[in-house]
Structures are given as C-alpha cells and as structure tokens.
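Chemist: This structure is in structure tokens; I'll ask about it shortly.
The values are calculated or read from the model by the stated rules, or taken from the named source; none is laboratory data. From a predicted model like this one, the values you see are computed outputs, not experimental measurements. Don't worry about glycine lacking a Cβ; one is built from the backbone with ideal geometry, like all the others, and counts go over all protein chains shown. What goes into the accessible areas is simple: the full protein's heavy atoms, side chains included, and nothing from ligands, DNA or RNA. Shrake-Rupley method; radii C 1.70, N 1.55, O 1.52, S 1.80 Å.
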Amino acid sequence: MTFHYPNGQLFSQKNPRERSLKKETTFANRGMRFEEAINQSNEYYLTHDRAVIHKKPTPLQIVKVDYPKRSAAVIKEAYFRQPSTTDYNGVYRGYYLDFEAKETKNKTSFPLKNFHQHQITHMQQCLRQDAICFVLLWFSSLNRCFFLSAQELVNYWNEQENGKKSIPLALIETVGIEITPQIAPRIPYLAAVEQYLEKRS
C-alpha cells in the first residue's frame with residue numbers, strides 16, 4: 001500500500017518484517033513497545049473507570065482500492081489528509097487530557113527533532129484552553145519514563161533559536177515527573193497527572 005503526505009511526498013516504510021527485526025525496542029525487559037504499553041494502560045484505566053483516553057486515528061484519504069475478492073478490499077494507495085497533532089486525548093476527572101508519546105535511544109538528552117511544529121502549535125492551543133497537555137518521554141536505553149508538561153516542552157522548543165536542539169536528561173529529571181513502569185497499568189501516567197495537578201493548584 002502506498003501512502004503520501006499532505007504535500008504529496010511519498011511516505012516510505014521499510015518491510016514490516018525487516019523493521020521488527022532491526023527495531024527491537026524492549027519495554028522493561030518484556031519486549032513491550034512504548035506505544036503498546038500506553039495503549040494497554042489506557043485500556044486498564046477505561047475498564048477500571050479511571051479515565052477515558054484513546055489514541056487518535058490517523059486521518060487518511062483513500063485513493064486506490066483493489067478488490068481481489070468480492071468480500072475483501074485492499075487499500076493500495078492513500079494520503080495523509082492532514083498533519084497529525086498529538087497521539088492521545090480524553091477525559092480524566094473532568095479534565096481534558098491531550099498528550100504525545102515519544103521515545104529515544106539517547107542516554108543524556110531528548111532530541112527536539114522528535115517533535116514537529118504543528119504538534120507544538122496544537123499543544124499551545126490546548127494550553128490556552130486550560131487543558132492538561134503533556135508529553136510522555138521514554139528513554140529506551142535507560143528504561144526510564146518521564147511526564148513533561150507541554151508548557152515546559154514549548155519553552156525548550158522556543159530555545160532552539162539559541163542553538164539548543166535537545167532537552168538534557170538532567171533538566172527533565174528536575175522539571176518533569178518520573179514514571180516507574182509496573183504490571184498494571186504498565187505506564188501509570190495518571191499518577192504523574194495527579195502530581196502535576198497538585199503543583200498547578
């Protein structure tokens with residue numbers, strides 16, 4: 001299947017089998033990818049009536065479909081209709097939550113190139129509406145996860161004009177909230193949200 005970005009540029013994607021062999025990102029030595037862990041955490045929160053958080057679907061414009069069988073359709077070509085905003089959103093205790101999940105193999109800093117301007121703009125718009133907006137940062141080489149408020153991220157993003165291209169881990173440890181992975185939920189990020197709300201009040 002062929003995908004195109006909104007500007008028409010071809011989206012290249014390696015063979016899924018090849019990608020899975022090369023990208024062995026483990027999650028707490030369980031072979032769990034970060035995104036899968038968050039999705040499972042969201043499912044846990046939903047089934048336990050803690051929160052309603054879902055991953056946002058990627059908007060696609062389908063332009064070519066083959067019908068090898070009358071009962072089956074195969075998408076052959078599609079375009080991303082618009083740039084994505086953030087990965088997840090929902091509601092928790094009456095608060096609107098909107099957040100992005102990113103990971104890096106770096107051990108000393110988190111590269112700002114992992115984010116895009118349209119994501120930063122979206123976060124700023126959410127912040128103006130008093131949303132609880134944040135990013136979950138996963139340092140895969142260290143097996144460490146952090147909650148970082150969107151306001152902090154925006155501040156560091158704006159400092160790129162001064163030549164800063166990443167957020168040092170030492171700073172994230174200071175201004176962020178570390179999240180210790182566990183069995184259920186795997187990424188207990190709502191505990192970090194609670195800490196953030198206490199600090200904000």
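Chemist: Might you check whether a residue that is open to solvent by less than 60 Å² (accessible area, probe 1.4 Å), under 13 Å from the mean Cα position of the chain (by Cα) and modelled with pLDDT of 95 or more occurs anywhere in region 79-86?
Modeler: Among the residues of region 79-86, not one is open to solvent by less than 60 Å² (accessible area, probe 1.4 Å), under 13 Å from the mean Cα position of the chain (by Cα) and modelled with pLDDT of 95 or more, which makes the answer no.
Chemist: Oh, and also: Within the bounds of region 105-127, is there any residue that is under 16 Å from R33 (Cα atoms), in contact (Cβ under 8 Å) with a residue 24 or more places away in the chain, open to solvent by 60 Å² or more (accessible area, probe 1.4 Å) and out of contact with any His (no Cβ under 6 Å at 6 or more places or on another chain)?
Modeler: Yes, region 105-127 has at least one match.
Chemist: Okay, moving on. Just to be sure, is A170 open to solvent by 60 Å² or more (accessible area, probe 1.4 Å) and either among the aliphatic types (A, V, I, L, M) or assigned to a loop (DSSP other than H, G, I, E, B) (or both)?
Modeler: yes
Chemist: Restricting the search to region 148-201, which residues are touching a Lys or Arg at 6+ places or on another chain (Cβ under 7 Å) and aliphatic (A, V, I, L, M)?
Modeler: The answer is L190, and nothing else.
Chemist: Whether any residue in region 108-130 is among the β-branched types (V, I, T) and in a strand (DSSP E or B) is what I want to check.
Modeler: no
Chemist: Cβ-Cβ distance below 7 Å, separation of 6 or more or different chains: which pairs start in region 135-156 with a residue that is among the small types (G, A, S) and end on one that is open to solvent by less than 10 Å² (accessible area, probe 1.4 Å) and part of a helix (DSSP H, G or I)?
Modeler: Hits for this filter: A150/M123.
Chemist: Checking W157 against (1) assigned to a helix (DSSP H, G or I); (2) surrounded by fewer than 19 Cβ atoms within 10 Å (Cβ to Cβ); (3) in contact with a helix residue (DSSP H, G or I) (Cβ under 9 Å, 6 or more places away or on another chain): exactly one of these is not met. Which one?
Modeler: With respect to (1) assigned to a helix (DSSP H, G or I); (2) surrounded by fewer than 19 Cβ atoms within 10 Å (Cβ to Cβ); (3) in contact with a helix residue (DSSP H, G or I) (Cβ under 9 Å, 6 or more places away or on another chain), W157 is out only on (2).
Chemist: Then there is this: I want to confirm something. Restricting to region 173-189 and keeping residues that are touching a residue at least 12 places away in the same chain (Cβ under 8 Å) and in a helix (DSSP H, G or I), which single residue is surrounded by the most Cβ atoms within 10 Å (Cβ to Cβ)?
Modeler: This residue is Y189.
Chemist: Only one of (1) within 29 Å of D49 (Cα to Cα); (2) in contact (Cβ under 8 Å) with a residue 40 or more places away in the chain; (3) in a loop (DSSP other than H, G, I, E, B) is not met by K164, so which one is it?
Modeler: Of the numbered conditions (1) within 29 Å of D49 (Cα to Cα); (2) in contact (Cβ under 8 Å) with a residue 40 or more places away in the chain; (3) in a loop (DSSP other than H, G, I, E, B), the odd one out for K164 is (1).
Chemist: Restricting to region 66-78, name every residue that is modelled with pLDDT of 70 or more and open to solvent by less than 70 Å² (accessible area, probe 1.4 Å).
Modeler: Passing the criteria: D66, A72, A73.
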